[in-house]
Amino acid sequence: MIELMQVSKQYSRGRGVHDVSFRISKGEWVLLVGDSGAGKSTILRMIYGAVRPDSGDLIVASKRLSQVNDNSLPSLRREMGIIDQDLTLVDDRSVYRNVSLVGEVHGWSKKKTKQQSLRVLNRVGLHAHLDQLPTKLSRGELRRLAIARALVAQPFVLIADEPLIHLDTETAGSIIELLEKIHAQGTSILLATHRSELFDGYPVRRLLIEDGEVREES
């Protein structure tokens, strides 16, 4: 499903990732674990094509990214559910509109857009907040909205960059429980975090990143 082959990316400040190789199979829930600045975001951004590697290659959804041009990347990206650290929600649009906009981008009919949007908002527990603006939501509810938007198009993988950041332990736990349900229903998950201890007891595989290098947790 996703494979990195000796991938490296260097930045002018010296930080980056070096000779990274790993594979994620369909149905896995994988944590990319490391401190801030370790290279987690760089790896995720290379997987969905926001950053090109300096060397090495990636295979995503059977496509070799070195052979996918910039004009074709948005189409590939729409097959993934992506949650950035800043969530990139539309603050002046309702909870429902933040999700239904995805259907418009995909060119769905109004009926399909409504059905899919309501289905996923109910799934994440936001069915009672359809008309609220994101600015009126709690931090946990904002994460749920970002998850709903990422899932509405039924992606082959959910990619989340530090979705537990700035959350208290109880709220983070509720988000992990939601992710567990999503994973149990067949969605593959790749999640970057520095709070891996919160996932103890869950069916996750951990990849540890330190100084730009990735290794499997022993």
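Coordinate-derived values only; no laboratory data. Since we're looking at a predicted model, the values are computed, not measured. FYI the Cβ positions are ideal-geometry reconstructions off the backbone, even for glycines, and counts take in every protein chain you see.
In summary, the aspartates and glutamates within cross-link reach of Lys63, defined as a Cα separation below 17 angstrom excluding same-chain residues under 8 places away, comprise Glu3, Glu79. If only the Cβ of Lys and Arg carry +1 and only the Cβ of Asp and Glu carry -1, the dipole of the chain around its Cα centre is close to 1080 debye.
Given a Förster distance of 30 angstrom, what is the FRET efficiency for Gln85 paired with Gln115, based on the Cβ-Cβ distance and rounded to 0.05? Step by step, r from the Cβ atoms, then E = 0.50.
A DSSP coil position with no more than 16 other Cβ atoms inside 10 Å describes the following trypsin sites (Lys or Arg not before Pro) in segment 15-80: Arg15, Lys26, Arg78. In this structure the amide hydrogen of Ser188, modeled in the peptide plane, comes within under 5 Å of the amide hydrogens of Gly27, Leu158, none closer than 5 places in sequence on its chain. A Förster radius of 45 Å, combined with the Cβ-Cβ distance separating Ser94 from Asp57, puts the computed FRET efficiency at roughly 0.65.
Bridging of Lys181 to lysines at a Cα separation below 19 Å is possible for Lys26, once same-chain residues fewer than 8 apart are set aside.
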